[in-house]
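Student: The structure follows.
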Amino acid sequence: MEAVGRLTGGIAHDFNNLLQAVSGCLDMLMRRAADDRSRDLIRAGMQAIDRGAGLTRQLMAFARRQALRPEPVDVADLVRTMRQLLMHALRADIVLEMVLPQNLWPAMADPAQLELALLNVAVNARDAMPNGGVLRFVAENVTLAPNHTEEGLKGQFVRLAVTDTGSGIDPAVLPHVFEPFFTTKEVGKGSGLGLSQVYGFARQSGGTVHLDSVPGVGTTVTLFLPRAADAPRRPAPAVEARPADRVETRTVLVVEDDATVAATVAAGLTERGFAVLQASRADQALALLQNGDTIDILFSDIVMPGGMNGVDLAKVALVLRPDLAVLLTTGYAENLPPLEGMRLLPKPYRMEQLLEALDALR
């Protein structure tokens, strides 16, 4: 596990920067594309970038190097709101059932990664039920003693079991189901990273996952997530849609050590009307901030050379300029320092996602 984690973390940062650079170039090409054929090819390239980013996230999740953003989650509410998404992922001959008690404790987890984990489990269940069946979600509060799980977990947890009535799993295969790239599906039918993402997410969240299966009867995947001490937060109000013809008047300081990424991001922001200043290191950014130039937003990568990361830079910058808006980004950051309320935009991102994140800073 440690070897996989080091390998994954070692390539993730550079790989995501490469994807980010390609994404920025495709975005600029899309704005100049003169015909539908060109736009279709560019969209295909963007979809490939999304798939590459997804593979990296799943590998990091398995290796427990994913930069999770845990928060109190109403698991019952999250599963209910996923019903429509799950129905789209399943087929009409699969019945979806949910048993979600009203008194379920909040769980401490990254809601986006929890949704992805449940979607991965549902897709595997669908493939195990080619002739239809039932997919059942059951949640309950449990208190574990150290002898209840192989990992020796103890305390209060939310247990979420997902059971299908499919073909089940061969006992010889069962020990390998959480291994990355292990799959019994045909070539092109699955990456073998779905259940490894579930495993990595559960363990990094402070819980675990168990899989029980009987050939010809079905499979149950059980997630254990630690109980959260606080109640879930209310959803933030939706950000108004960005008018296509709005003229920007803000200045963004882009701090990025990868020259290609910096160039494409700066070009994309300039085309949208932003004034852009650039720095490749934290000390260069601080010099610009101390010069007295007009800077409204600091947009900084977290992992940078020079001894000061993006989070530390943002903290110093906010002391110098308390009214400064801050947006951070990263393709990978093990042991991510506390962001203390600062927003994070994971790499690779599309330009529209960056613009939405900048709008949310207003």
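The values are calculated or read from the model by the stated rules, or taken from the named source; none is laboratory data. Treat the numbers as computed from the prediction; the structure is a model and nothing was measured. Note that each Cβ is placed from the backbone with ideal geometry, even for glycine, and that neighbours are counted across all protein chains shown.
Student: Those residues that are hydrophobic (A, V, I, L, M, F, W, C), buried (at least 20 other Cβ atoms within 10 Å of the Cβ) and not in a helix (DSSP H, G or I), I need them from the stretch 304-324; list them, please. Steps first, answer last, please.
Tutor: Pass one, the stretch 304-324, residues hydrophobic (A, V, I, L, M, F, W, C): 304, 308, 311, 313-314, 316-320, 324.
Checking which are buried (at least 20 other Cβ atoms within 10 Å of the Cβ) leaves us with 304, 311, 313-314, 317.
Met304, the sole residue that qualifies.
Student: Sticking with this one: State whether the residues of the stretch 208-227 include one that is modelled with pLDDT under 65, assigned by TED's automatic domain parsing to the domain that holds Asp127 and in contact with a helix residue (DSSP H, G or I) (Cβ under 6 Å, 6 or more places away or on another chain). Show your work before the answer.
Tutor: First, the residues of the stretch 208-227 that are modelled with pLDDT under 65: none.
No, there is no match, as no residue in the stretch 208-227 is modelled with pLDDT under 65, assigned by TED's automatic domain parsing to the domain that holds Asp127 and in contact with a helix residue (DSSP H, G or I) (Cβ under 6 Å, 6 or more places away or on another chain).
Student: Scanning for something in a helix (DSSP H, G or I) and modelled with pLDDT of 90 or more, does the stretch 269-278 turn up at least one residue?
Tutor: There is at least one residue in the stretch 269-278 that is in a helix (DSSP H, G or I) and modelled with pLDDT of 90 or more.
Student: Answer yes or no: is there a residue in the stretch 278-291 that is of a type in the set (D, E, K, R), outside the structural domain of Leu26 (by TED's automatic domain parsing) and in contact with a strand residue (DSSP E or B) (Cβ under 6 Å, 6 or more places away or on another chain).
Tutor: Going residue by residue through the stretch 278-291, those that are of a type in the set (D, E, K, R) are 281, 283.
Narrowing the set further to residues that are outside the structural domain of Leu26 (by TED's automatic domain parsing) leaves 281, 283.
Now drop any that are not in contact with a strand residue (DSSP E or B) (Cβ under 6 Å, 6 or more places away or on another chain), which leaves none.
Among the residues of the stretch 278-291, not one is of a type in the set (D, E, K, R), outside the structural domain of Leu26 (by TED's automatic domain parsing) and in contact with a strand residue (DSSP E or B) (Cβ under 6 Å, 6 or more places away or on another chain), which makes the answer no.
Student: If I ask for residues that are farther than 17 Å from Met129 by Cα and out of contact with any Leu (no Cβ under 6 Å at 6 or more places or on another chain), which ones from the stretch 212-230 would you list? Can you show your working first?
Tutor: Residues of the stretch 212-230 that are farther than 17 Å from Met129 by Cα, as a first pass: 222-230.
The answer is Thr222, Phe224, Leu225, Pro226, Arg227, Ala228, Ala229, Asp230.
Student: Only one residue in Gly152, Gly132 is at pLDDT below 90, of a type outside the set (Lys, Arg) and on the phi > 0 side of the Ramachandran plot, so which one is that? Lay out the reasoning, then the answer.
Tutor: Working: Gly132 fails: at pLDDT below 90.
None of the others qualify; the one that does is Gly152.
Student: Further question on the same structure: Which count do you get for residues in the stretch 337-354 that are part of a loop (DSSP other than H, G, I, E, B), over 20 Å from Ala12 (Cα atoms) and in contact with a strand residue (DSSP E or B) (Cβ under 6 Å, 6 or more places away or on another chain)? Talk me through it step by step, then tell me what you get.
Tutor: Within the stretch 337-354, the subset part of a loop (DSSP other than H, G, I, E, B) is 337-342, 347-350.
Now restrict to residues that are over 20 Å from Ala12 (Cα atoms): 338-342.
Now narrow it down to the ones that are in contact with a strand residue (DSSP E or B) (Cβ under 6 Å, 6 or more places away or on another chain): 342.
Selection size over the stretch 337-354: 1.
Student: Glu240 passes all but one of (1) crowded, with 20+ Cβ neighbours inside 10 Å; (2) at pLDDT below 95; which number fails?
Tutor: (1)
Student: Still on this structure, I have one more. Sort through Ala325, Ala317, Ala275 and tell me the only one that's within 27 Å of Arg350 (Cβ to Cβ), among the small types (Gly, Ala, Ser) and touching a helix residue (DSSP H, G or I) at 6+ places or on another chain (Cβ under 6 Å).
Tutor: Working: Ala325 fails: touching a helix residue (DSSP H, G or I) at 6+ places or on another chain (Cβ under 6 Å); Ala275 fails: touching a helix residue (DSSP H, G or I) at 6+ places or on another chain (Cβ under 6 Å).
Of Ala325, Ala317, Ala275, the one residue that is within 27 Å of Arg350 (Cβ to Cβ), among the small types (Gly, Ala, Ser) and touching a helix residue (DSSP H, G or I) at 6+ places or on another chain (Cβ under 6 Å) is Ala317.
Student: Sticking with this structure for a sec: Take the residues in the stretch 115-173 that are in contact with a Lys or Arg (Cβ under 6 Å, 6 or more places away or on another chain) and among the polar types (S, T, N, Q), then tell me which one is surrounded by the fewest Cβ atoms within 10 Å (Cβ to Cβ).
Tutor: Step by step, filter the stretch 115-173, then rank; the result is Gln156.
Student: Could you go through the stretch 30-41 and let me know if any residue there is modelled with pLDDT of 85 or more, under 24 Å from Leu135 (Cα atoms), surrounded by 13 or more Cβ atoms within 10 Å (Cβ to Cβ) and hydrophobic (A, V, I, L, M, F, W, C).
Tutor: no
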